[in-house]
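To keep things clear, I will list the structure first and then write my remarks on it.
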Amino acid sequence: MSDQSTETFDAVVIGAGFAGLYSLYRLRNLGLSVKVFEAGDGVGGTWYWNRYPGARCDVESMEYSYSFDPELEQEWVWPDKYSKQSDILRYANHVAERYDLLKDIQFETRIKSAFYDRDANTWTIETTEGQKVRAQYCIMAVGNLSTPRVPDFKGVDRFKGDWYHSGLWPKEEVDFSGKRVGIIGTGSTAIQIIPHVAQQAKHLTIFQRTANYSLPARNGPLPEDVRAAHKKKYRELREQAYFTPFGIAGYPPPEKGAIEATPEEREAKYHEKWAEGGTISYLFSYTDLLLSEESNKTASDFVRERIRDIVKDPATAELLCPNDHPIGTKRICLDSGYYETFNRDNVSLVDVRSAPIEEITPNGLRTTKEEFELDSLIFATGFDAMTGAILEMDVRTSDGADMKERWKDGPKTYLGIMVSGFPNMFVITGPGSPGVKSQMILSIEQHTDWITDCIENMRAKGINRAEAEADAEVKWVEHVNEVANSTLYPQANSWYVGANIPGKPRIFMPYVGGVEAYKKICDEVVEKGYEGISLSP
Ligand code: NA7
């Protein structure tokens, strides 16, 4: 149904995070008219919403940035080795202003539905306020960790204190001084929040269901000479990054497996990596850490030993030792003083695996064993990852395809970019892409370049519709699973398999074959005339 007053664009982009900004930049440069919708009142996506104390990137600053403009990377100055949220947000705003992107972004607008009409070959995008726009192309730049999730605890609405979700943190600083604070969750987010809140709160109680591995960041100001040396080789390093598993340059690949090394060698290697800090470096100790349980155990044991060294109370240390998954099969956390925080008098750890949370009470929280009085409660309970933001919208087509129905047994995509039955819709770092297993901005650029090249090619050849073929999609999903199953990844109950959302189908969502292999596949698809994609006039 078309409404004459509906504005029409060549492309609509949903989301103004790093993916949305770069899509706008590229599509506009192709000469397309573009409209971007963003739910927040500013750009930055993940870095706009996740303003919680201690929020920082776990990829080094010099890598975690756009590479598309050599001038941009030369002029920008990252203060720290690992950037804090406010610096990344400042950078996103700088990019938006520098390339005059803001004029095409409509903020504070949430998308309710996207509907493709096959006869008209247009998408109609409707906001929750009833505004409609039409476009030939619909770009989902909605992010992977953008649907915050508060578990279905009884009584949240009756809690008399303040409560926060890490992914919806207020813009104003929250002062926990003098308060009894509780935090639920011990994932990457909580591990960043805990050392900060512990310094302010009267008492901090941490409710842990599953212990995670965390490595020291060894963060600090980025020395000028390091920054300058990196900038001198920036082009080369950016290129190199594409030929690595995680899209991050500068880490020499390991040469042998952990079991081929002697115990002394391994001990020395892990100590060296622990002292250096960072997750990639540690995973790059040996070739087989994500492939062999025996090898992985040596790396996992080493971290457990460090936890026992740092945490003085043996019972707390034991509780903090991860024991239900091999290291690296969930995203490894990166911290600054996490384990040390448990030596403070005002911090306590509660095991909610053995005694689960029963309800949030007006004055705090009750587990099956105990009641806790709290003034503030922090939910660091994660996200409906990878599929949440797309499935929150009503995405359908005139010939009856319905995304919720299509993905009810788990997401299916071609290359993590296209979904069969949904023509001219492109997903940036969707399920089936290496996005979340890589330096996100590099993957965002690679996907966006691939998508815009595809659109450019279509326009040059008078092609109006691109649609992933169903059998190509089936093969891609099989390949994603086959690669995952050749590793230890599926062993963990992580958000990679949707395990954190009750009832979510257990499917391994990211492509873990590495950035290099993935890019090669994407390039070959193009060389073979967009193999697996049906192109029609
Ligand atoms: P995560 O990694 O999904 O962590 C969520 C945490 O919340 C995790 O410790 C969960 O325990 C815990 N959780 C979730 N639901 C409950 C209930 N019902 N009871 C107790 N504990 C619960 O999210 P993050 O925000 O930390 O990190 C997400 C990504 O952001 C991260 O991987 C980085 O890429 C950046 P569980 O492990 O499920 O037992």
When restricted to 54, 15, the only residue of a type in the set (Gly, Ala, Ser) and in contact with a His (Cβ under 9 Å, 6 or more places away or on another chain) is 54
With the first residue restricted to region 478-490 and required to be in a helix (DSSP H, G or I), and the second required to be charged (D, E, K, R) and open to solvent by 50 Å² or more (accessible area, probe 1.4 Å), Cβ contacts under 9 Å at 6 or more apart or on different chains are 490/506
- Task: Return yes or no: is residue 114 touching a residue at least 40 places away in the same chain (Cβ under 8 Å), in the same structural domain as residue 404 (by TED's automatic domain parsing), small (Gly, Ala, Ser) and in contact with a strand residue (DSSP E or B) (Cβ under 6 Å, 6 or more places away or on another chain)?
- Result: yes
By my count, strands (runs of 3 or more DSSP E) wholly in region 96-208 with at least 3 residues that are away from the ligand (no atom under 16 Å from the Cβ) and either on the phi > 0 side of the Ramachandran plot or touching a helix residue (DSSP H, G or I) at 6+ places or on another chain (Cβ under 7 Å) (or both) are 132-140
Selection over region 477-500 where residues are within 14 Å of the ligand (Cβ to nearest atom), under 11 Å from residue 510 (Cα atoms) and aliphatic (A, V, I, L, M) yields a count of 1
Regarding region 117-125, can at least one residue be identified that is more than 30 Å from residue 354 (Cβ to Cβ), surrounded by fewer than 17 Cβ atoms within 10 Å (Cβ to Cβ), assigned by TED's automatic domain parsing to the domain that holds residue 51 and free of Cβ contacts under 8 Å to residues at least 40 places away in the same chain? no
Turns out the helices (runs of 4 or more DSSP H) fully within region 3-90 with at least 1 residues that are of a type in the set (Lys, Arg) are 18-29
* **Hey, residue 501 open to solvent by 20 Å² or more (accessible area, probe 1.4 Å) and either closer than 21 Å to residue 440 by Cα or among the acidic types (Asp, Glu) (or both) or not** => no
Scanning region 312-369 residue by residue, the ones that are assigned by TED's automatic domain parsing to the domain that holds residue 300 and more than 15 Å from the ligand (Cβ to nearest atom) total 7
Taking region 183-235 and keeping residues more than 30 Å from residue 360 (Cα to Cα) and of a type in the set (A, V, I, L, M, F, W, C) leaves 215, 217, 222, 226, 228, 229
Residue 461 vs (1) out of contact with any Ser or Thr (no Cβ under 8 Å at 6 or more places or on another chain); (2) surrounded by 24 or more Cβ atoms within 10 Å (Cβ to Cβ): all pass except (2)
The condition of being β-branched (Val, Ile, Thr), touching a residue at least 60 places away in the same chain (Cβ under 8 Å) and away from the ligand (no atom under 16 Å from the Cβ) holds, among 512, 474, only for 474
Sole miss for residue 452 among (1) touching a helix residue (DSSP H, G or I) at 6+ places or on another chain (Cβ under 6 Å); (2) β-branched (Val, Ile, Thr); (3) open to solvent by 40 Å² or more (accessible area, probe 1.4 Å) is condition (3)
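The values are calculated or read from the model by the stated rules, or taken from the named source; none is laboratory data. Note that the structure is predicted; figures quoted are calculated from it, not measured. Please note: Cβ atoms are built from the backbone with ideal geometry, for glycine as well, and neighbour counts cover all protein chains shown. Areas reflect the complete protein model, heavy atoms only, side chains present, ligands, DNA and RNA absent. Shrake-Rupley method; radii C 1.70, N 1.55, O 1.52, S 1.80 Å.
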